[in-house]
Amino acid sequence: STFIGEDGVSISTLRQRYGVRLEFKQTNTGSSYKSKSEERELEKQRPAGAANANAGVSKFKPLRQKKEGGVEIICEELSSGNGKFELRVRARRCNMDDATVVKELSEETILKRLGEAVEVWKKERV
């Protein structure tokens, strides 16, 4: 792929593209949190002889995991006409739907560490 620079003149060619998706795991917090009364109701629905919380679950239909959000990171190495290489790093939210709670602190931590990694990469390239 070929890209036109911000100056509208320079042209860069995509040499390599790498990517990774960091998807947040489902937890028992947020919209999945159960109050004490909800937990008691679930306990009442379990068979009397159930030894643990997972006994008797097999009769229930498995639920599809909710989209908990995540960050997709795309790194592209570009070469310009003058033989120089540059790195373009993009991050965007992924694994989201209308009910997904945005995890801003986790996203900020990921982006901060990503920025630190890019700085190390830049120093090693010099």
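The values are calculated or read from the model by the stated rules, or taken from the named source; none is laboratory data. Keep in mind that what you see is a predicted model, and the values were worked out from it rather than measured. All Cβ positions, glycine included, derive from the backbone under ideal geometry; neighbour counts span all protein chains shown. Heads up: the accessible areas ignore ligands, DNA and RNA and are worked out on the full protein's heavy atoms, side chains in. Shrake-Rupley method; radii C 1.70, N 1.55, O 1.52, S 1.80 Å.
Ranked highest first by the average count of other Cβ atoms within 10 Å around their residues, in what order do 66-77, 100-111 fall?
Taking the mean over residues of other Cβ atoms within 10 Å, the ranking is 66-77, 100-111.
Return the distance in nm (one decimal) between the two label points of a simple spin-label model at Val89 and Val101, each offset 7 Å from Cα along Cα→Cβ.
If labels sit at Val89 and Val101, their model points lie 2.9 nm apart.
Top to bottom by accessible area (1.4 Å), largest first, where do Phe85, Phe24 land?
Ranked from most to least accessible, the order is Phe85, Phe24.
Please give every one of the aspartates and glutamates within straight-line cross-link reach of Lys123, meaning a C-alpha to C-alpha distance under 16 Å, and leave out same-chain neighbours fewer than 8 residues apart.
Within the straight-line limit of under 16 Å, Lys123 reaches these aspartates and glutamates: Glu77, Glu86.
Starting from the amide H of Leu22, placed 1.01 Å from N in the peptide plane, find each other amide H under 5 Å away whose residue is 5 or more places distant or on another chain.
HN-HN under 5 Å from Leu22: Val71, Glu72, Ile73.
Which of the lysines could be linked to Lys66 by a straight reach, that is with a Cα gap under 27 Å, when you skip same-chain ones fewer than 8 residues away?
Straight-distance partners of Lys66: Lys25, Lys34, Lys36, Lys44, Lys103, Lys112.
Per residue of region 95-111, what does 6.51 cos²θ - 1.76 cosθ + 1.60 with θ = phi - 60° give for ³J(HN,Hα)? Whole Hz please, x for Gly and Pro, Karplus curve as stated.
Whole-Hz 3J(HN,Hα) from phi for region 95-111: 6, 10, 9, 5, 8, 6, 7, 6, 9, 4, 5, 5, 4, 4, 4, 4, 5.
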